[in-house]
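The values are calculated or read from the model by the stated rules, or taken from the named source; none is laboratory data. Not measured: the values here are computed from a predicted model. Cβ coordinates were reconstructed from backbone atoms using ideal geometry, including for glycine residues, and neighbour counts include every protein chain displayed. Only protein heavy atoms, including side chains, enter the accessible area calculation; ligands, DNA and RNA are left aside. Shrake-Rupley method; radii C 1.70, N 1.55, O 1.52, S 1.80 Å.
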Amino acid sequence: MSWTLIGSITDIPRRGARCVETPRGKVAVFRTAEDRIFAIEDHCPHKGGPLSQGIVHGAAVTCPLHNWVISLETGKALGADEGSVRAIPIKLEGEQLFIALASEAKAHRAA
Amino acid sequence: MMENLVVIGNGMAPGRMLEHLLETSRGRYAVTIFNAEPRVNYDRIMLSPVLSGEKSYEQIIIHGDGWYIKNGITLYKGHKIVAIDRDAKTVTSDHGVVESYDKLVIATGSVPFILPVPGHNLPGVLSYRDLDDVNAMLLAAQSRAKAVVIGGGLLGLEAAAGLEAQGMDVTVLHLMPTLMERQLDPAAGYLLQRAIEDRGIKVICKANTKSILGDRKVEGVELADGRIIPATLVVMAAGIKPNAGLAKAAGIATNRGILVDAGMQTSDPDIYSVGECAEVGGHVYGLVAPLYEMARVAAAHLADGKSTAAFVHNDTPTKLKVTGIELFSLGDFADGEDRHEIVLRDASAGVYKRLVLKDNRIIGTVLYGETADGAWFNDLKKKQVDISDMRDTLIFGQAYQGGTPLDPMAAVAVLPDDAEICGCNGVCKGKIVGAIQEKGLTSLDDVRAHTKASASCGSCTGLVEQLMSLTLGEAFNPTAVQPMCGCTSLGHDDVRRLIKAKSLKNIYAVMQELEWSTSCGCAKCRPALNYYLVCDWPGEYADDYQSRFINERVHANIQKNGTYSVVPRMWGGVTSANELRAIADVVDKFNIPTVKVTGGQRIDMLGVKKEDLPAVWADLGKAGFVSGHAYAKGLRTVKTCVGTDWCRFGTQDSTGFGIRIEKFMWGSWTPAKVKMAVSGCPRNCAEATCKDVGVICVDSGYEIHFAGAAGLDIKGTEVLGLVKTEDEALEVIVALVQMYREQARYLERIYKWAKRVTTDEIRRQILDDIEKRRGFYERFIHSQKFAQVDPWSERVSGLHKHEFKPMATIGIADAAE
């Protein structure tokens, strides 16, 4: 697996998210109240809403378009809704965040 | 012949190591210790009680001078080792003493992290590591002056409590939003902050230290936001780093600390390392339990070259050594989908307990206020006990297996007698309970008749019923309340009243005091709580952006494809050639696909990319535009007709009045959106009679309408009343909206609120009771002082930059490299 540096954990507010542009679409990167980190496709299984824009609570996010609640750990919809998005491997080294994409890639940090 | 064992450092880890070694292999080594501090081995954990005056230095000595003599150990006090010669196998001290070794143990501990800000080396800036620091602090404390502690972690808070106990006026600066964030979740961090503040210590979180001020000595600390905190003593407790410099200079492998294997051996087989300077299995440690474990392992290897003793990582519980504060934290307490949490809050006792479970086993624990069961939870975690059988009662602790759950009415039970329950009629808890008892009241109507509580807007009905249940017991059967969400059993009205009655001023306070069943809330309750707090504590509550819906976070409306729409304010629906030109230029420059006239008499630009928003606002701002709040649960538009300016039927200046209302009220947050209109005559071209608030101008004055709807429901407005002057009309409208702001449930439009409260009651409070109206009006004006800031220009200036650009871009071109 090849890891790509995407920035620092401090770039993301607690209970918040940022997105990363990749050749295969946007990836949403989350930071919970307790500094756990997650990455999933930024695309709600319902109607493609940008999950990175939702409200983060516990280890879940509520989609801003129609309030589906998606688990950050599995990418699966919670509650009565059915569907899932891909979870992307992510790791934290010190303060640095890395995600693993299928192909070789290098990140440009946003200024 | 005895081998020479040389130990560099005389802290708790090497002290313990020597004790083990003397037990198993007395006589094998001639031991020499070099201590950079001019004293014997003492208990560093007990420095805080020394600082607070609860213990003396003598009481915390572990090994007195006699111990070294009795055991034939040579101790060089005040000798710092400056070089290790691994070829000659010697060490050299700063006083020139050279000692040769067969085995060497490096236990140089850690050094405090000193923020590299200007002024960090001024006299009066101290760290908090050893007895010298404590003595210096005690000396400074004699002045009874002001002290600042930088760092709200374990060490910093202990230092702050100690200095406060010595009579200093202490402020703690902490970079993160909650105290001890590495050991505590935000809920427990809130309780801790409250307890610390109760002792008279000021706490400033999110405090970024910019510089330490002073000419020849410390005079104060300046924060990045410009605040200056005067101080004659500054204690840096912002963390520690392993002291590995000496080992590194001698060519021993180091990373963050001195690298050792599980047997505590460094890259040089004759050299071991223990304590805070050692890095084993990727971890460095600062708490005593693992350091003692290192000591045990190193002693075993020094005693027997073939020992298999190995250091194993174990989570160590954290406790705070401040008298009167009970706090315990262990393991991993983050939540997640494969994890379950059990939360117990007891608001009256100030208790918060949280267990994090995975596969029916405890993986993390946070206890606040009552920590007696910490050891038991630690034991269950260590042994990986399956807790399925005791799951329901686990949180009550070992002694209470089989205990009953807490009383759901606890929050009301603990309210003081003078807590105001009914805001409309100013009725306190004591009066209600007294009336129930003295007059033998048994129904809600009786209570309303005798006390007036819950007799007006009715939003305190739930609380009054809970008081009746408390007083009357099972004899009273309250009506069911719809809970706000799955995190609480309280309804919106109860929560709103309790926020006021208990002076709860942040989300963590609400969740703790009202005994929320989750640690972090959900997407339903968080935006509601945020609104209630914004509304109830203007100027005091810091808006929690992460609890706002995306539209209110980025001040634009999200569209189905993830782009946004932008609607600038057009006051009263009036525009000009310059404004239209600016909009046209923005549309061209940013390739905005759709431009549409809205139903609220303004212009909507649809399909703006999120990254472009700040630049779009910057251009619009140059033409004088501000945000139209078309995305907000707040004041949206005030539609107008042209009134006496142009219209041959106009009776008043409806355009001017609409603009006046909009300029007066923009920026205010409300439970749900508020749309208004002013028509200049009863022909009603501005369609004021289906708005949340509307005005129909007539010859004799202004007819005020409200509670209309033209959305999911269609409903004509109710008439509130007729007033003679524009000034009076403005005051009535503002008071009405403020009453709605203070009483309605989140997401409840005015017409639904009015139906609950009744038009008569609203009319009584706004039109008949002049004093009450004035009160609402004044509170709205106060609130506007903090609300009328254009969110667009704030963001053009760089606020919340992170919202508008991707964190990183991974391109295809890069992928090919």
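A compact table of results
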{"item": "Any hit, segment B:584-595, residues being more than 14 Å from chain A (Cβ to nearest Cβ) and within 25 Å of B:Lys633 (Cα to Cα)", "result": "yes"}
{"item": "Residue within segment B:644-659 that is touching a residue at least 24 places away in the same chain (Cβ under 8 Å) and either in a strand (DSSP E or B) or of a type in the set (A, V, I, L, M) (or both) present", "result": "yes"}
{"item": "Check on B:Ala688, within 24 Å of B:Val642 (Cα to Cα) and over 42 Å from the mean Cα position of the chain (by Cα)", "result": "yes"}
{"item": "Filter result for B:Arg581 (among the charged types (D, E, K, R), out of contact with any Asp or Glu (no Cβ under 9 Å at 6 or more places or on another chain) and open to solvent by 40 Å² or more (accessible area, probe 1.4 Å))", "result": "yes"}
{"item": "Residue in segment B:561-583 that is in a helix (DSSP H, G or I) and within 14 Å of another protein chain (Cβ to nearest Cβ) present", "result": "no"}
{"item": "Segment B:233-249, residues that are surrounded by fewer than 18 Cβ atoms within 10 Å (Cβ to Cβ) and either over 30 Å from B:Gln512 (Cβ atoms) or at pLDDT 90 or above (or both)", "result": "B:Lys241, B:Gly245, B:Lys248, B:Ala249"}
{"item": "Number of the condition not met by B:Lys505 [criteria: (1) modelled with pLDDT of 90 or more; (2) farther than 29 Å from B:Lys755 by Cβ; (3) not in a loop (DSSP other than H, G, I, E, B)]", "result": "(3)"}
{"item": "Search result, residues across segment B:205-235 that are touching a Pro at 6+ places or on another chain (Cβ under 9 Å) and farther than 27 Å from B:Ala542 by Cα", "result": "B:Leu213, B:Gly214, B:Arg216, B:Lys217, B:Val218, B:Glu219"}
{"item": "Residue under evaluation B:Glu158, criteria (1) open to solvent by 40 Å² or more (accessible area, probe 1.4 Å); (2) at pLDDT below 90; (3) outside any loop (DSSP other than H, G, I, E, B); (4) not hydroxyl-bearing (Ser, Thr, Tyr), criterion not met", "result": "(1)"}
{"item": "Scan of segment B:441-471 for residues that are at pLDDT below 85 and either part of a loop (DSSP other than H, G, I, E, B) or on the phi > 0 side of the Ramachandran plot (or both), ordered by number", "result": "B:Thr442, B:Ser443, B:Lys452, B:Ser454, B:Ala455, B:Ser456, B:Cys457, B:Gly458, B:Ser459, B:Cys460"}
{"item": "Candidates B:Ala300, B:Ala295 - the one that is assigned to a helix (DSSP H, G or I), more than 14 Å from chain A (Cβ to nearest Cβ) and in contact with a Ser or Thr (Cβ under 6 Å, 6 or more places away or on another chain)", "result": "B:Ala300"}
{"item": "Residue in segment B:432-446 that is within 30 Å of A:His57 (Cβ to Cβ), without any contact (Cβ under 8 Å) to a residue 40 or more places away in the chain and surrounded by 13 or more Cβ atoms within 10 Å (Cβ to Cβ) present", "result": "no"}
{"item": "Matching residues in segment B:514-542 - criterion: being within 13 Å of another protein chain (Cβ to nearest Cβ) and open to solvent by 20 Å² or more (accessible area, probe 1.4 Å)", "result": "B:Ser517, B:Thr518, B:Cys522, B:Ala523, B:Lys524"}
{"item": "Test: residue in segment B:273-289 that is of a type in the set (Asp, Glu), assigned by TED's automatic domain parsing to the domain that holds B:Arg44 and in contact with a Gly (Cβ under 7 Å, 6 or more places away or on another chain)", "result": "yes"}
{"item": "Residue in segment B:278-288 that is closer than 24 Å to B:Gln193 by Cβ, at pLDDT 85 or above, under 30 Å from the mean Cα position of the chain (by Cα) and within 14 Å of another protein chain (Cβ to nearest Cβ) present", "result": "no"}
{"item": "In segment A:1-57, the residues that are of a type in the set (S, T, N, Q), within 28 Å of B:Asn208 (Cβ to Cβ) and more than 7 Å from chain B (Cβ to nearest Cβ)", "result": "A:Ser8, A:Thr10, A:Ser52"}
{"item": "Among residues of segment B:634-649, those that are modelled with pLDDT under 95 and hydroxyl-bearing (Ser, Thr, Tyr), counted", "result": "1"}
{"item": "Subset of segment B:762-810 (residues that are among the small types (Gly, Ala, Ser), crowded, with 16+ Cβ neighbours inside 10 Å and without any contact (Cβ under 8 Å) to a residue 40 or more places away in the chain)", "result": "B:Ala808"}
{"item": "Hits in segment B:699-717 (condition: in a strand (DSSP E or B), modelled with pLDDT under 95 and open to solvent by 10 Å² or more (accessible area, probe 1.4 Å))", "result": "B:Ala710, B:Ile714, B:Lys715"}
{"item": "B:Thr308 vs. criteria in contact with a Phe, Trp or Tyr (Cβ under 7 Å, 6 or more places away or on another chain) and in a loop (DSSP other than H, G, I, E, B)", "result": "no"}
{"item": "Filtered residues of segment A:64-101 (kept if away from chain B (no Cβ under 11 Å), in a loop (DSSP other than H, G, I, E, B) and touching a strand residue (DSSP E or B) at 6+ places or on another chain (Cβ under 8 Å))", "result": "A:Asp81, A:Gly83, A:Val85, A:Arg86, A:Ile88, A:Pro89, A:Glu95"}
{"item": "Residue match in segment B:322-329 (condition: under 30 Å from A:Val61 (Cβ atoms), within 14 Å of chain A (Cβ to nearest Cβ) and part of a strand (DSSP E or B))", "result": "yes"}
{"item": "Residues of segment B:169-199 satisfying the condition of being assigned to a loop (DSSP other than H, G, I, E, B) and open to solvent by less than 10 Å² (accessible area, probe 1.4 Å)", "result": "B:Leu179, B:Met180, B:Leu184, B:Asp185"}
{"item": "Residue satisfying condition, being surrounded by fewer than 18 Cβ atoms within 10 Å (Cβ to Cβ) and not aliphatic (A, V, I, L, M), within set B:Lys622, B:Lys633, B:Lys675", "result": "B:Lys622"}
